[in-house]
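Every number in this text was worked out from the coordinates using simple rules, so none of it is lab data. For clarity, every value in this text was computed on a predicted model and none was experimentally measured. Because the Cβ atoms are built from the backbone with ideal geometry, glycine has one as well, and the counts that use them run over all protein chains shown.
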There are 2 protein chains.
Amino acid sequence: MASKPPQPAGPGPHQPPKSDSPPRRRDASIQDVAAAAGVSTATVSRVLNSPGLVSETTAEKVRKAIEQLGYKPNLFAQGLMTRKSHVLGFALPDIFGEFYSELLRGADAEARRQGYHLLVGAESRKDDNPANGNLAFRLVDGLAMMITEPNDRLLKQAKDLQLPIVVMDLEVDDPSIDCVLVDNSTGAREATEHLLSSQPPEKLYFVGGPKENFDTQERAATFSATLKAAGRAPGADQVVYGRYAVEWGYLWAAQQLGKGGLRGCGVLAGNDEIALGILQAAHDHKVKVPEQLRIVGFDDTRIASLVRPSLSTVRVPLAEVGATAIATLVARLKEPGRPAERIHLPTKLVVRESSDKNAASGGF
Amino acid sequence: MASKPPQPAGPGPHQPPKSDSPPRRRDASIQDVAAAAGVSTATVSRVLNSPGLVSETTAEKVRKAIEQLGYKPNLFAQGLMTRKSHVLGFALPDIFGEFYSELLRGADAEARRQGYHLLVGAESRKDDNPANGNLAFRLVDGLAMMITEPNDRLLKQAKDLQLPIVVMDLEVDDPSIDCVLVDNSTGAREATEHLLSSQPPEKLYFVGGPKENFDTQERAATFSATLKAAGRAPGADQVVYGRYAVEWGYLWAAQQLGKGGLRGCGVLAGNDEIALGILQAAHDHKVKVPEQLRIVGFDDTRIASLVRPSLSTVRVPLAEVGATAIATLVARLKEPGRPAERIHLPTKLVVRESSDKNAASGGF
DNA sequence: TCCTGTCATGAAATCGCTTTCAGTCACCCA
DNA sequence: TGGGTGACTGAAAGCGATTTCATGACAGGA
């Protein structure tokens, strides 16, 4: 019906509708609707945006015209006036693997629920042209960004945009910015205590991601604190940093195993990928997990339950982080004055085979 | 000039500029730049959009003014005139797991490279309010959509939008729509032949995703054809359909194993998830892979190389699919008249432990 | 009867940009 | 010297919505 160009009724009596619409069919505008309904554009606009200001009889006429012409307001024009696009930016440091896709999934679902759309951007560190980033983000109503390292350049840029911002994963000091955080310490403590329990291991390690990474820092700190509380303050070699990657975990473990260490030890990894690398190395070196080496990961991405032995890990509600970020952002959009929040989402140890030989394997 | 508040020259001689800027700092507009540079808005616009039409001296003045005022064109106003937003829609049936995140990663990188941004939407089948989908997608310049089942409602909606469209994963008959496809048959044939080779198995199975799914159909067809070519035309029970999920793979395999079957057989799964489920079931039933059961997956998501035994699978260049889709879309945007393409991306068998006990384990 | 207050509506200004159209100016050639 | 040419530039007309302000009709109160 959108495509119904019923004789413009104006010019000639009966110009044959053949070859009528040279492909350039312009969408119906508010003007067309107004004309068709015999009212002014103001009235049409009111019917759409403030019904109740217009009498039921006219409203009905207008609605009919809208229906008939398949009218949809032009979002650019609308945005020009209202300064709203109903699009939210969702900026990630990268898009890779389960971790980010979960985050995005939660965010997208929530955005949709609230009538918004998501403009995603993986702000790859490589691309140093700030113009790129700014360019299209300038039409979003707000910005949810995941920032993993303090002093991120991206955050500064974002502030300059003067947009409502919510940051995931990093607690920024700016009191005007909402933050959605993960309660790393509970999970890390649970995991560490779990590793300490039952057969107390020779030695416990924390194998983290990048040293600058906020999550890694928190997890490492809690690890150390928990050990200290148990009277086993860790040495410098027991807390190490690297990258959030399978390769790094493998590398580290292979080295340790080469040195003959690690048997009878326990490892808390900075995330599941690292844990998987360690698992792999153990396998290659014929070290039995969990009998000779107990491993706990972090994040509980899907893969954790699919590897053999299945990976104990700390569950982080990633989808919920994304969803909460969007919800908070929308709340702020609706009520700009509200005080910024610091929302902490819980984490929880999930024990599987890699740290407990009695654990059920299952439950994908 | 509408907004030029420097002494209207009319009323009072010298109203004091104190209390001048209450926090509402409006972004500089093209008018402000024009005024600051002492030129017309037309000239400013030209400096930005068609340099070469303006003399170097004026251009310099204008650039200085832009710099000084931190001027950024208003995207709504710009869009209103040009009908371009430099935003592309990227519609997925869902956002879940490695599969879609890879797709998205490739797409995002390419979009960025080309100066576009991505508006993502997981068109969850639940949400049946078409208005939702249409709403913000109406400001995109083009739409890349993954469609896995013929006759998708979403595709029709998209066509109504009259936007340039590129479809991933499904070959649509509409000759005006570009398609980015995966060469399922090569991969499926390689995989099937691989399973037939060396110790010829008792029986070969194809355990697919949804029967309506286009990829599954192609893969199943090739599987059957290859078997037939080898003189071993498959029975009805050898090609089965279910869902793209670990659970389905597990369920199917567990049933077969219960019946005592499957030992000495080979399975080609519709995707890696299904294969993983089968692997899991085999493990639970103490069936040795690959000695007693050989398994090949499809897609080569990251997890395939991380499970034990590592999973043989057909590599599908997911990121490349996404990137190609975007590239094609942009190409069409730049040259609307170009004939629609059918781009086939290659697939390739990757042999790992789950189908070949001599395979190297490694290479994550 | 006249004045005032509501309600429904339309005319027109505005948002910030692009683009057409029409100069202006300097210069060159016949 | 007159007219033609080309290079720059500015005025102004949109693009399609929202919103202010004015208006007309009508009802109620003095």
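When the GluC sites (Glu not before Pro) in segment A:159-212 are filtered for DSSP coil states and for at most 13 other beta-carbon atoms within 10 Å of their beta-carbon, the remaining sites are A:E202, A:E212. Simple spin-label estimate for A:R113 and B:T82 gives 3.7 nm between the two label positions (7 Å along the Cα-to-Cβ direction from each Cα). Straight-distance candidates among the lysines for linking to A:K64, with alpha-carbon spacing under 29 Å and chain neighbours fewer than 8 residues away dropped: A:K4, A:K18, A:K72, A:K84, B:K126, B:K156, B:K159.
What FRET efficiency comes out for B:K64 versus A:D160 if R0 is 25 angstrom and r is the Cβ-Cβ distance? Round to the nearest 0.05.
On the way: r = 20 Å, r/R0 = 0.80.
For B:K64 and A:D160, the calculated efficiency is 0.80.
Here the Gaussian network model covers chain B, with springs between Cα atoms less than 10 Å apart; of B:A245, B:A188, B:A236, B:A236 fluctuates the most. The GluC sites (Glu not before Pro) of segment A:242-296 meeting both criteria, a DSSP state outside H, G, I, E and B (loop) and at most 16 other C-beta atoms within 10 angstrom of the site's C-beta, are A:E291. When the Gaussian network model of chain A links Cα atoms closer than 10 Å, the mean-square fluctuations of A:A230, A:A91, A:A325 top out at A:A230. Please give the FRET efficiency for B:R232 paired with B:D173, using the beta carbon to beta carbon distance and R0 = 30 Å, rounded to the nearest 0.05. Taking R0 as 30 Å, the efficiency between B:R232 and B:D173 is 0.35. With K and R counted +1 and D and E -1, the other residues having a Cβ less than 14 Å from that of B:A275 yield a net charge of +1.
Debye sum, Cα scatterers, chain B, no solvent: what log₁₀ I/I(0) at q = 0.08, 0.10, 0.14, 0.15 1/Å? For the requested q values the scattering log ratios are -0.55, -0.73, -1.10, -1.20.
Net charge within 14 Å of A:K203 by Cβ-Cβ distance, Lys/Arg positive one each and Asp/Glu negative one each, not counting A:K203 itself? Present the calculation step by step, with values, prior to reporting the outcome.
On the way: positive: A:R232, A:K259, A:R263, A:R294; negative: A:E202, A:D237.
Once positives and negatives cancel, what remains is +2.
Of all beta bridges that DSSP places with both ends in the protein assembly as shown, some 10 percent have antiparallel geometry. Take A:K211, push a point 7 Å out from Cα through the beta-carbon direction, and compare it with the same point in every other copy: 6.0 nm, smallest first. Here the Gaussian network model covers chain B, with springs between Cα atoms less than 10 Å apart; of B:P93, B:P309, B:P175, B:P175 fluctuates the most.
With both residues required to sit in chain B, DSSP beta bridges show an antiparallel share near 10%.
Sorted largest first, the spans of the alpha carbon positions of the protein assembly as shown along the three principal axes are 89, 70, 56 Å. Rg then Dmax, both in Å and based on the Cα atoms of segment B:314-359: 16.6, 53.
Within straight-line reach of A:K61, meaning a Cα separation under 19 Å, sit the following aspartates and glutamates at least 8 residues removed in sequence or on another chain: A:D32.
So for B:H283, B:H117, fewest C-beta neighbours within 10 Å to most, what's the order?
The order, fewest Cβ neighbours first, is B:H283, B:H117.
Within the shell of other residues whose beta carbon sits under 13 angstrom from the beta carbon of A:V314, the net charge comes to -3, with Lys and Arg scored +1 and Asp and Glu -1.
Long hydrophobic helices in chain A: the complete DSSP H runs spanning 15 Å or more by Cα along their own axis with mean Kyte-Doolittle hydropathy of at least 0.0 are A:246-258, A:272-284, A:318-334.
Here A:K348 is the anchor, and the lysines within straight C-alpha reach of less than 29 Å, apart from those fewer than 8 places off in the same chain, are A:K203, A:K211, A:K228, A:K288, A:K357.
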